[in-house]
Amino acid sequence: MPGLFRQFRRGRLARRPFPPEWLAYLDARVPFFATLSASLREDFLAKLKVFAWEKEFIGAGGLVITDEIRVVVSATAVQLVVHLDLSYYDRLREVIVYPDAFLLPDRTGVVLGEAKNWGTVILSWQAVLSGLRNPEDGHDTATHEFAHVLDRADGAFDGTPKLRRYSHYRAWAEVMSEHFHGLQAGRAVEREVMDDYGGVNEAEFFAVATESFFERPHRMRELTPDLYEELKRFYGWDPASGT
């Protein structure tokens, strides 16, 4: 979608009123929604409706896409960009949702989520709900996969999304590299904060660190404060303080 047309379409979607019945889905399924301040909630809802209407949602494995699924999945995506911009999702075209774990031809074993290079995120609806129901266990499939989309926004799955300023890249590289290699080596401090899967490569490290940033912020701030600060500077959130 060309840039000018996308901006025009998003502006048009933003002017449409937020469906009031969607609030019930957020209240019932999205615990972090209740923690948002009034001003942040306004921004969150504005971005959520644009995302929900702009992206194509496709049911798979017999699942029929409902407004509840569309709203809840969109909420998990928008949480990451409330302090950023929806442009981080420009490359994302569609979200495919299975009822539960699924199989993919290029993967071994069952899968709960996958972000594809060509602009598709595939999710298990049950995994989305599980990640939201357990907001402190450090595991959230939807957050993980949408973090991959943010990473890919600058052209590659490499663990470094488009940062706010050019001057931020050096510190980002140093901090991420230090903790990535620490996790790969099995160092206790990183393993206390993040899942071992983050040691697979830099892209998985960023996605796993993002899960922990939003789900275990106090632990991350305590044990890996430099990593916490880099993610806070990028996302604009301070989840350990509730803002």
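The values are calculated or read from the model by the stated rules, or taken from the named source; none is laboratory data. Note that the coordinates shown come from a computational prediction; the quantities given were computed from them, not determined experimentally. Here the Cβ positions follow ideal geometry from the backbone for every residue, glycine too, while neighbour counts run over all protein chains shown. Accessible surface areas use protein heavy atoms only, side chains included; no ligands, DNA or RNA. Shrake-Rupley method; radii C 1.70, N 1.55, O 1.52, S 1.80 Å.
Does TYR228 satisfy the condition of being assigned to a helix (DSSP H, G or I) and in contact with a Lys or Arg (Cβ under 8 Å, 6 or more places away or on another chain)? In short, yes.
Checking the structure you have, find out if any residue of the range 182-202 is assigned to a loop (DSSP other than H, G, I, E, B), open to solvent by 10 Å² or more (accessible area, probe 1.4 Å), within 23 Å of GLN79 (Cβ to Cβ) and not acidic (Asp, Glu). No, that holds for no residue.
Among the residues of the range 89-127, those identified as touching a residue at least 12 places away in the same chain (Cβ under 8 Å) and of a type in the set (Ser, Thr, Tyr) are TYR89, TYR98, THR120, SER124. Those strands (runs of 3 or more DSSP E) of the range 46-117 in which at least 1 residues are touching a helix residue (DSSP H, G or I) at 6+ places or on another chain (Cβ under 6 Å) and aromatic (Phe, Trp, Tyr), considering only elements entirely within it, cover 56-59.
Does the range 166-176 include one or more residues that are open to solvent by 30 Å² or more (accessible area, probe 1.4 Å) and assigned to a loop (DSSP other than H, G, I, E, B)? Checking the range 166-176: not a single residue is open to solvent by 30 Å² or more (accessible area, probe 1.4 Å) and assigned to a loop (DSSP other than H, G, I, E, B). Looking across ALA101, ALA115, ALA38, ALA28, one residue alone is crowded, with 17+ Cβ neighbours inside 10 Å, closer than 23 Å to PHE214 by Cβ and not basic (Lys, Arg). It is ALA115. Residue under question is ASP137, and the condition is that it be without any contact (Cβ under 8 Å) to a residue 24 or more places away in the chain, surrounded by fewer than 19 Cβ atoms within 10 Å (Cβ to Cβ), of a type in the set (D, E, K, R) and not in a helix (DSSP H, G or I); does it hold? The answer is no for ASP137.
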